[in-house]
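Here, each number is a calculation from the coordinates, and none is a lab measurement. Computed from a predicted model, the values in this text were never measured in an experiment. For neighbour counting, all protein chains shown are included, and Cβ atoms are generated from backbone atoms with ideal geometry for every residue, glycine included.
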Amino acid sequence: MRGFRRLPNWRTRHRDRKARDIFAHVLQRRPTADDESSYRFQSAKFAESRQDLPHRRPLRGGKNKKDHQPRRVAVISREKLENSLLSIFNSEEIQTAKKGIPARLAVFPKSRDQLCELVTFATANGFTLIPLGSGSRLAGNGKYDLAVTTSHLDEQIEHSPADMVATIPAGASFSLTQSSLQKHGQRIPLDPQVEDGSTIGGIVSANAWGPLRHRFGTAKNSILATTIVNGECKIVKAGAKVVKNVSGYDLNKLYIGARGSLGILLDVTFRLQPLPEKVQIFSVPHDSLDDAFQTASAGSRLPLMVETVVLRKSPDWEVTIKIAGSEEVRKTVEDAIPGDISWGREVNYSENSDSLYDINISVPKSYLKSFFKSVGDLDGLSLWSLPEVGICRLNLKDAGQLQQITICVESGGGFMEVERKPEGSDIPRWPIAPHGLNWMRQIKSAFDPHGIFAPGILGKGL
């Protein structure tokens with residue numbers, strides 16, 4: 001038609017200015033096709049263990065190289081700190097932090113307004129906060145003013161069984177939540193090793209995972225939306241409570257694994273998965289590492305609903321596979337996998353109680369076997385891994401072995417994180433510096449401009 005013009009999409013022109021300003025500050029400039037030093041970001045896809053990275057070239061930050069500004073140090077005694085908090089909390093909501101919690105006091109807000117008031121108070125006085133679940137995954141060397149526990153917030157689970165979506169408070173118990181969802185034949189597709197007090201927020205903030213990562217990935221593959229209190233004392237929501245959502249920036253993945261350094265989680269919306277009516281578990285022992293890898297590869301290719309494929313050493317090599325289905329699947333398994341198969345034996349993947357260091361390691365799948373051959377003979381070493389993903393978890397007793405493991409991981413282009421270590425140890429959380437460290441510091445500065453949320457828990461400037 002004459003005179004017809006296509007109008008630009010209104011939503012595209014009027015995006016959220018605040019989110020756009022934040023990312024303009026972080027990214028500084030938009031990459032162009034002629035700029036060889038720029039990087040283009042791929043769309044989100046299911047990828048594990050950096051398998052889709054073609055090289056180890058570090059990401060470059062923007063033009064602004066300014067690191068995260070240091071926080072203001074609040075010089076105040078414990079008694080004065082407790083008295084100043086009485087304007088927000090009553091005496092029952094303020095307690096001395098338990099042993100192992102790196103904070104002077106622990107507070108238990110009962111409402112979102114009270115939590116926002118606490119963040120405002122901390123910002124004005126320069127106090128540092130560390131969001132706290134059960135405290136089982138704190139491995140930093142920092143000492144903070146206040147540990148904030150969200151388990152006392154007056155929040156309820158919003159579960160829609162028909163849509164298989166649930167919004168769960170961050171302070172809710174992970175074990176109790178799973179039990180409640182299982183009554184409806186559903187589950188959160190995560191199975192980390194948890195303690196009695198482990199919370200949803202703590203597991204998401206630590207990006208904790210278990211054997212189910214083989215099939216469902218980590219928390220980033222199941223979380224649809226999050227709600228946090230940010231560094232500007234505001235309640236911010238990211239994502240939506242629907243499975244198909246493409247509007248705005250996907251900020252959820254920034255909070256996963258941030259360990260509370262970008263804000264305090266209030267609730268998390270999960271995409272749930274059906275709970276299988278029956279599962280079949282079998283184990284195959286091996287004397288040879290090569291044979292164990294062949295069994296793991298054959299198990300992952302079974303034409304069945306394979307839930308987990310785990311390779312463990314304690315002290316011999318053993319492959320354990322879990323399959324969703326009835327006993328009829330056993331015939332298919334026995335025809336495809338040779339060896340001495342033991343059915344029905346559940347395996348405990350909990351950490352070795354005698355170990356001092358728990359380490360998560362991620363390497364390319366092609367290098368995983370060589371890595372095991374290099375470190376498999378270390379004294380007192382126990383490990384279990386997901387060979388089809390390229391990750392493993394090590395339990396060590398000797399700090400001297402950590403240097404040898406670090407050299408082996410770095411030579412293979414991998415990454416490692418110290419999940420647990422003795423109190424007072426100066427070993428960094430990331431013995432191998434991750435790529436894009438400057439970008440992380442800029443994101444930290446943008447989301448927590450006053451530096452009050454767990455400064456240094458991930459490293460210097462983070």
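A compact table of results
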read-out: Stretchable slack from Glu423 to Asp287, in nm (0.36 nm times residue separation minus alpha-carbon distance); value: 45.3 nm
read-out: At 1.002 mPa s and 20 °C, Stokes diffusion of segment 158-275 via Kirkwood alpha-carbon radius, µm² per second; value: 150 µm²/s
read-out: Distance in nm between pseudo-label sites at Ser77 and Glu92 (7 Å out along the Cβ direction from Cα); value: 2.8 nm
read-out: Scaled radius of gyration (Cα, divided by 2.2 N^0.38 Å) that segment 420-460 gives; value: 1.31
read-out: Relative packing of 98-106, 156-164, which averages over residues the other C-beta atoms within 10 Å, highest first; value: 98-106, 156-164
read-out: Flagged links, alpha-carbon separation over 19 Å, of Lys220/Lys365; Lys313/Lys369; Lys110/Lys234; value: Lys220/Lys365
read-out: Point-to-point label distance, Lys183-Ile157, nm (Cα→Cβ direction, 7 Å offset); value: 0.8 nm
read-out: Order of Ser366, Ser283 under a 10 Å beta carbon neighbour criterion, fewest first; value: Ser366, Ser283
read-out: Amide N of segment 255-281 lying under 20 Å from the label point, which is placed 7 angstrom from the Cα of Lys237 along Cα→Cβ; value: 255-256, 263-272
read-out: Residue order, fewest to most beta carbons within 10 Å, for Thr332, Thr227; value: Thr332, Thr227
